[in-house]
Amino acid sequence: MKKYFPTILALVLCVCISTNFARQSKVITIDKKTEKAAVTAPKEIISAQQTFAIIKPDAVEAKNTGKIIDMILQDGFEIKKMEKIQFTADQAKTFYAEHKGKPFFDGLVEFMTSGPVIIMVLEKENAIKDWRKLIGATNPAKADKGTIRQLFGTKIPKNAAHGSDAPESAKREIDLLFFR
């Protein structure tokens, strides 16, 4: 097989390129006995979902970023994008536009611009639901034990993390902050 491996690999690559391998999920297998290569679809394809997440200024200032990222990874999320940014007032107002006119809006904007945040695109099956479960209830005092907000939040809006609540909001938030 060692003698034929370069030829087999070249053939596999040709097959991969001609089948748009880069855009499709495929598995390459080489049978050791027959020395034949095969390109096949995996037995099951898991549909991944993306969500948007923020580690808020209170958690960044308290140096809890690493602990929160570890919880994210331990829960099976893949971090597709991550960046440390400082919200401008205009960005925060646009981001939280659905809350404009509510009594807490100005305080929320002031808090979100008070220090750096970590923005992330997280991916896994059921990412939105699972991220919301991992961060816990909005009020840290009511959040389940072991959730991010229960462990690292103190009060609303200083509740350590933000998570998109629906696919549409995840797309809007990702587009707003990663493609600015």
For segment 48-106, name all the residues that are touching an Asp or Glu at 6+ places or on another chain (Cβ under 6 Å) and closer than 13 Å to MET120 by Cα. GLN50, PHE52, GLU78, LYS80
Any hit, segment 162-173, residues being touching a residue at least 60 places away in the same chain (Cβ under 8 Å), in contact with a strand residue (DSSP E or B) (Cβ under 6 Å, 6 or more places away or on another chain), part of a strand (DSSP E or B) and surrounded by 13 or more Cβ atoms within 10 Å (Cβ to Cβ): yes
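This table checks each residue for (1) of a type outside the set (D, E, K, R); (2) under 17 Å from THR138 (Cβ atoms).
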{"residue": "LYS56", "(1), (2)": "no, yes"}
{"residue": "LYS67", "(1), (2)": "no, no"}
{"residue": "GLU83", "(1), (2)": "no, no"}
{"residue": "ALA92", "(1), (2)": "yes, no"}
{"residue": "PRO103", "(1), (2)": "yes, yes"}
Output the residues belonging to segment 58-88 that are touching a residue at least 24 places away in the same chain (Cβ under 8 Å) and of a type in the set (D, E, K, R). ASP58, GLU61, LYS67, ASP75, GLU78, LYS80, LYS81, GLU83, LYS84
For the condition modelled with pLDDT under 95 and surrounded by 14 or more Cβ atoms within 10 Å (Cβ to Cβ), what is the one hit in ILE72, ILE45, ILE54, ILE30? ILE30
Of all residues in segment 109-142, count the ones that are assigned to a loop (DSSP other than H, G, I, E, B) and either among the basic types (Lys, Arg) or surrounded by fewer than 20 Cβ atoms within 10 Å (Cβ to Cβ) (or both). 9
Considering segment 81-108, residues that are assigned to a loop (DSSP other than H, G, I, E, B) and among the hydrophobic types (A, V, I, L, M, F, W, C), and then whichever is nearest to GLU173 (Cα to Cα), we arrive at PHE87
Please enumerate the residues belonging to segment 117-146 that are in contact (Cβ under 8 Å) with a residue 40 or more places away in the chain and either farther than 25 Å from GLU168 by Cα or of a type in the set (Phe, Trp, Tyr) (or both). TRP131
Just to be sure I understand the filter: pairs with C-beta atoms under 7 Å, separated by 6 or more residues or on different chains, first member in segment 89-115 and among the hydroxyl-bearing types (Ser, Thr, Tyr), second member assigned to a loop (DSSP other than H, G, I, E, B). Which pairs pass? THR113/PHE87; THR113/THR88
Test for GLN91: is it over 15 Å from HIS162 (Cβ atoms), modelled with pLDDT of 95 or more and of a type outside the set (Lys, Arg): no
Hey, can you tell me all the residues within segment 153-180 that are under 15 Å from LYS133 (Cβ atoms) and of a type in the set (D, E, K, R)? ASP165
Residues of segment 50-67 being part of a helix (DSSP H, G or I) and out of contact with any helix residue (DSSP H, G or I) (no Cβ under 6 Å at 6 or more places or on another chain), which ones? PRO57, ASP58, VAL60, GLU61, THR65, GLY66, LYS67
Just a yes or no: is a residue in segment 123-131 in the same structural domain as ILE68 (by TED's automatic domain parsing), more than 13 Å from the chain's Cα centre (by Cα) and among the charged types (D, E, K, R)? no
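The values are calculated or read from the model by the stated rules, or taken from the named source; none is laboratory data. Keep in mind the model is a prediction, meaning the values are calculated, not measured. FYI the Cβ positions are ideal-geometry reconstructions off the backbone, even for glycines, and counts take in every protein chain you see.
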